Amino acid sequence: MSNNVRVRFAPSPTGPLHIGGVRTALFNYLFAKKHKGSFILRIEDTDQNRYVEGAEQYLVDALNWCNIPYDEGPEKDGGFGPYRQSERKEIYAQYAEQLIASGNAYYAFDSAETLDFHRKDHEEKGKTFIYNWHNREKLSNSLSLSKAEVEKKLANSEEYVIRFKSPKDETLHLTDIIRGEITIDTNILDDKVLFKSDGMPTYHLANIVDDHLMEISHVIRGEEWLPSLALHFQLYQAFGWESPQFAHLPLILKPTGKGKLSKRDGDKLGFPVFPLEWKDPKTAEISRGYKEDGYFPEAMINFLAFLGWNPGTEQEIFNLNELINAFELERVHKAGARFDPEKIKWFNHHYMQEQNDLALAKAFQQLKPELSAIDLEYIATVVALVKERATFVNGLWDLSHYFFEAPPSYDEKAAKKAFKEGTKDLLLQLVSVIQPIEDFMVENLQTQIKGWITENNIGFGQVMMPLRLSLVGALQGPDVFDIMFMIGKTESIKRIEKTINLL
RNA sequence: GGCCCCAUCGUCUAGCCUGGCCCAGGACGCAGCCCUCUCAAGGCUGAAACACGGGUUCGAAUCCCGUUGGGGCUACCA
């Protein structure tokens, strides 16, 4: 492929960007970068009724957080702007008129009520109402009405829409990069509305006009658009434009059950469906986001890339550059992919290990007010000690609180296991072993304590278990000697003595 | 209902185009073992799939047809 690859991500600002939308954006981005092309963000806000305040800003913020930058878009003109369809309003009408002039479209005056009536009427009879060659002669439009009548209606500025005149008895052979050839019989196609009575184009018209004007080379979008492909293809033909290549991505399905992934699933199963937290401007309802839940963007991107695509090798960990290099549309799957909240956690755990300890410490400190006064270096060392057990920054506290404060209690089960009859005596002896250690370093602690245990033929676990429990409050965590070194001699002894007093 | 798309372990998937190397490989999750003062991590091992039925062929997960199942669309929404 040459280097004039231009792709676009064209969401409509009707709410927060869904995780499936993120994947669509990602695949577009990967494809563009792989071919040294441009990735364009276009805002498809032709539906004034569904416009949601803040949705566009959310989109930009989400893409930024995901590290999927666009080359052109609103506030980032690349010579093909504007990039909001509402700002391109004047452009579309002339193209609709052009289609009428060439006989590919017509005016329709039917009211919403009339259409509604026909649909219901057909449904009752077990049929489907399709506005096309089949019945357009019986409806109110510039094909059924006389020229004079049409002109009169237009002159009276009666409300009208412009519909595409879908041909009869044609077989369309469409090509999709992912799916191969798709065959469609035009007889079952309906005369889609291209231009609405409110003066705005529908998605179909605006989409084709903009893709053409913006010189889009590949349209990579979700599978929900596959049924519209025939219309879009015919539109390009009607305009006499060269059509871009199409690739329809498989949908992301619910983890369990039927249907595609929805916000509800996230709420029910306890995982986010949106990249960033979103507060609904109307209901004030808050939807959680991957960012706020402690996911790293690298983890989300890596996971999302593997939903419907894979490189064909056994490598699974890919950074963005590696993804760009390896990505091929031809390797995208056809079938829908279930979203697996467990696997994205695994990716997050992986990327957590790759994070810089100091950076993690900062994030950890910001999250926990208890840590505000604590030295960042100390927190970073603690993080280094416990992070292999952590999947999220917000899980760090549970894994490391005993580095910052004495354990508030002892785990009951562990206490039963660790505290035996001779424990008190052993701990008293242990204190006398620790007390004289001048240089309170890990190696010294290790040799002194282990030496004392072996010399006196004491069971290792008999000392280590209650020791750990005294320090940590539970039988978990990193090396005991590391913990002692970190909290220091005084605190170590203090915690052991607390246990002694308790026994 | 109609139309279009799809179908390999529970899940993500390799293999399918160019049939034999596949009694089907990897990963997540699950189980066990090892490591070990503990919990993790890590290492090793295991259970786990070609939806079904017909063809074609010496031979089919791979090609064809049908059935079943799943998904999407069916708005003056995108």
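Computed from the coordinates by the stated procedures, all read-outs in this text should not be read as laboratory data. Note that the structure is predicted; figures quoted are calculated from it, not measured. A quick note on method: Cβ atoms are made from the backbone with ideal geometry, for glycine too, and the neighbour counts reach across all protein chains shown.
At what distance in angstrom do the alpha carbon centres of the stretch A:449-467 and the stretch A:158-236 lie from each other?
Here the two parts' Cα centres lie 77 Å apart.
Hey, got the dipole for the stretch A:207-268? About the Cα centre, +1 on K and R Cβ, -1 on D and E Cβ, debye to the nearest 20?
In debye, rounded to 20, the stretch A:207-268 gives about 580.
What distance in nm separates the simple spin-label points at A:Asp398 and A:Gln446, each placed 7 Å from Cα in the Cβ direction?
Result for the modelled spin labels: 3.0 nm.
Could you tally the net charge around A:Tyr203, taking each other residue with its Cβ under 9 Å from the Cβ of A:Tyr203, Lys/Arg +1 and Asp/Glu -1?
Once all neighbours under 9 Å are counted, the net charge is -2.
Along the positive direction of the dipole of chain A (beta-carbon charges: Lys, Arg +1; Asp, Glu -1; about the Cα centre), which of A:Leu376, A:Gly422, A:Thr202 reaches farthest?
A:Gly422
Going by the alpha-carbon gyration tensor, a ≥ b ≥ c the square roots of its eigenvalues, is the stretch A:88-180 rounded (a/c under 1.5) or, if a/c is not under 1.5, prolate (a/b greater than b/c) versus oblate?
The shape class here is oblate.
For the stretch A:265-390, what are the per-bin percents of Cα-Cα distances with bins 10 Å wide, up to the bin holding the maximum?
Result, from short to long distances: 11, 33, 32, 19, 5, 0 percent.
Would you please report the Å³ per residue occupied by the convex hull of the alpha carbon atoms in the stretch A:36-118?
Given the Cα convex hull of the stretch A:36-118, per-residue volume reads 179 Å³.
Based on the Cα atoms of the stretch A:455-503, what semi-axes does the equivalent ellipsoid have, where each is the square root of 5 times one gyration tensor eigenvalue, given in whole Å with the largest first?
Taking √(5λ) for each eigenvalue gives 16, 14, 11 Å, largest first.
Counting only other residues whose beta carbon sits under 11 Å from that of A:Pro311, what net charge do I get with K and R as +1, D and E as -1?
That works out to -3.
Looking only at Cα atoms, what is the convex hull volume of the stretch A:1-50 per residue, in Å³?
So the per-residue Cα hull volume is 64 Å³.
Starting from the Cα gyration tensor of the stretch A:121-173, take the square roots of the eigenvalues, sort them a ≥ b ≥ c, and report rounded, prolate or oblate (rounded when a/c is under 1.5, otherwise prolate if a/b is larger than b/c, else oblate).
oblate
What shape does chain A take by its C-alpha gyration tensor, where a ≥ b ≥ c are the square roots of the eigenvalues and a/c under 1.5 counts as rounded, a/b above b/c as prolate, and the rest as oblate?
Prolate, since a/c reaches 1.5 and a/b exceeds b/c.
Once each part is reduced to its C-alpha centroid, what is the distance from the stretch A:47-99 to the stretch A:323-375 in angstrom?
When both Cα centres are located, 29 Å separates them.
Would you grab the residues whose amide H sits under 5 Å from the one on A:Leu249? Only those 5+ places off in sequence or on another chain, please, with H modelled 1.01 Å from N.
Hits under the 5 Å cutoff: A:Arg221, A:Gly222, A:Glu223.
If you take the Cα atoms of the stretch A:347-409, find Rg, then find the Kirkwood Rh from the mean of 1/r over all pairs, what is Rg/Rh?
So for the stretch A:347-409, dividing Rg by the Kirkwood Rh gives 0.94.
Report the extension gain between A:Phe460 and A:Glu412 in nm, rounded to one decimal, defined as 0.36 nm multiplied by the number of residues separating them, less their alpha carbon distance.
Once the chain is fully extended between A:Phe460 and A:Glu412, it gains 15.2 nm.
Farthest toward the dipole's positive end in the stretch A:227-303, which of A:Ile286, A:Thr256, A:Pro227, given Cβ charges of +1 (Lys, Arg) and -1 (Asp, Glu) about the Cα centre?
Going by the charge dipole, the pick is A:Thr256.
Roughly how many nanometres apart are two label points built 7 Å out from the Cα toward the Cβ at A:Ala112 and A:Thr313?
Each label point lies 7 Å from its Cα, and together they span 5.5 nm.
Suppose R0 equals 45 Å. What FRET efficiency, 1/(1 + (r/R0)^6) with r the Cβ-Cβ distance, do A:Trp346 and A:Gln98 give to the nearest 0.05?
0.25
Answer with one residue from A:Pro311, A:Leu99, A:Trp133: the one whose Cα lies farthest towards the positive end of the charge dipole of chain A, charges on Cβ with Lys, Arg +1 and Asp, Glu -1.
Checking the options against the dipole of chain A, the answer is A:Trp133.
Please give the charge dipole size of the stretch A:147-216, origin at the Cα centre, charges +1 on K and R Cβ atoms and -1 on D and E Cβ atoms. Round to the nearest 20 debye.
The dipole magnitude comes to about 260 debye.
What does the charge add up to near A:Glu354, with Lys and Arg as +1, Asp and Glu as -1, over the other residues with Cβ less than 13 Å from its Cβ?
-2
About its Cα centre, what dipole magnitude does chain A give when the only charges are +1 on Lys and Arg Cβ and -1 on Asp and Glu Cβ, stated in debye to the nearest 20?
940
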